[in-house]
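Colleague: Just dropping this structure here.
Every number in this text was worked out from the coordinates using simple rules, so none of it is lab data. These numbers come from a predicted model, not from an experiment. Heads up, the Cβs are rebuilt from the backbone with ideal geometry, glycines too, and the neighbour counts pull from every protein chain shown.
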Amino acid sequence: MALEVGQEAPDFTLQNQFGEDVKLSDFRGKQNVVLVFYPMAFTGICTGELCEIRDQRPAFVSDDVQVLGISCDTSAALKVFAEQENLDYPLLSDFWPHGEVSKAYGSFFEPRGFSMRGTFVIDKAGILRWSVVNGPGDARNTEEYKQALAAL
């Protein structure tokens, strides 16, 4: 089921690449959040997209905005991936229960068991303000979610 803009974003707790719990609702009242679901670490399009966020950090990560990358990879794999690519924002593991958060956001690709390329902009009140879900092979346009952030 796809989420509608204007509805409350489903809360979740996932482990980051260091094994620490990250809870979406902990950002309420503090920061806007951009959820960036991606199929798999260490793959071409995913690496390119996540490195683009890293390279354009001021447009995505600030006192006002936090990016959270989410995949169905294990936190151990995400740690190595983040170190290898110098990714300095949280990568969250939706490994177990497998794809549960991806499913809640309508971004899970059941035939292959991983997330599609879903991007969700959530405001400080926890309300979904913008989203797009692309297929596994369709790279995102980061300009679109920069514009969505600028509109907050």
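Colleague: Sketch the reach of a paramagnetic label on residue 132 as a point 7 Å from Cα along Cα-to-Cβ, and name the residues of segment 57-91 whose backbone nitrogen lies under 16 Å away.
Modeller: Answer for segment 57-91: 60.
Colleague: Still on this structure, please answer the following. Under a point spin-label approximation (7 Å from Cα along Cα-to-Cβ), what is the residue 125-residue 18 distance to one decimal in nm?
Modeller: 3.3 nm
Colleague: Please give the charge dipole size of segment 30-150, origin at the Cα centre, charges +1 on K and R Cβ atoms and -1 on D and E Cβ atoms. Round to the nearest 20 debye. Please list the in-between numbers first.
Modeller: Details: 11 positive and 16 negative charges, 44 e Å.
The dipole of segment 30-150 has a size of about 220 debye.
Colleague: Let me ask you something else. Efficiency by 1/(1 + (r/R0)^6): what FRET value for residue 5 and residue 110, r their Cβ-Cβ distance, R0 = 25 Å, to the nearest 0.05?
Modeller: Values: r = 24 Å, r/R0 = 0.95.
Plugging the Cβ-Cβ distance into 1/(1 + (r/R0)^6) gives 0.55.
Colleague: In addition: How are the C-alpha pair distances of segment 30-150 spread across 10 Å bins, as whole percents from the shortest bin up?
Modeller: 14, 49, 34, 3
Colleague: Between residue 43 and residue 56, how many nm apart are label points set 7 Å from Cα along the C-beta direction?
Modeller: 2.2 nm
Colleague: Loop-only check: which trypsin sites (Lys or Arg not before Pro) in segment 76-117 are DSSP coil with at most 12 other Cβ within 10 angstrom?
Modeller: On the way: sites: 79, 103, 112, 117; in loops: 112.
Answer by residue number: 112.
Colleague: Ignoring the sites themselves, what is the longest stretch of the chain with no GluC sites (Glu not before Pro) in a DSSP loop and at most 14 other beta-carbon atoms within 10 Å?
Modeller: Working: sites that count: 4, 20.
Here the longest run is 21-152.
Colleague: On to the next question. Please identify every one of the trypsin sites (Lys or Arg not before Pro) in segment 7-54 that sits in a loop by DSSP and has no more than 12 other beta carbons within 10 Å of its own beta carbon. Don't skip to the answer; put the middle values down first.
Modeller: Numbers: sites: 23, 28, 30, 54; in loops: 28, 30.
In loop regions of segment 7-54 (DSSP not H, G, I, E or B), the sparsely surrounded trypsin sites (Lys or Arg not before Pro) are 30.
Colleague: Count the DSSP beta bridges whose two residues both fall in the chain, then state the antiparallel fraction as a percent rounded to the nearest 5. Display every interim value, and only then the final one.
Modeller: On the way: 18 of 27 bridges.
Rounded to the nearest five, the antiparallel share is 65 percent.
Colleague: Would you calculate a helix-derived [θ] at 222 nm for the chain, using -39,500 (n - 2.57) for each DSSP H run of n ≥ 4 and dividing by the full residue count, to the nearest 500? Before the final figure, lay out the partial values.
Modeller: On the way: 5 runs with 41 residues, N = 152.
The per-residue figure over the chain is -7500 deg cm²/dmol.
Colleague: Hand me the chymotrypsin sites (Phe, Trp or Tyr not before Pro) from segment 1-104 located in a DSSP loop with no more than 16 other Cβ atoms within 10 Å, in residue order please. Could the numbers behind the result be given before it?
Modeller: Numbers: sites: 12, 18, 27, 37, 42, 60, 81, 95; in loops: 12, 18, 42, 95.
Answer in residue order: 18, 42.
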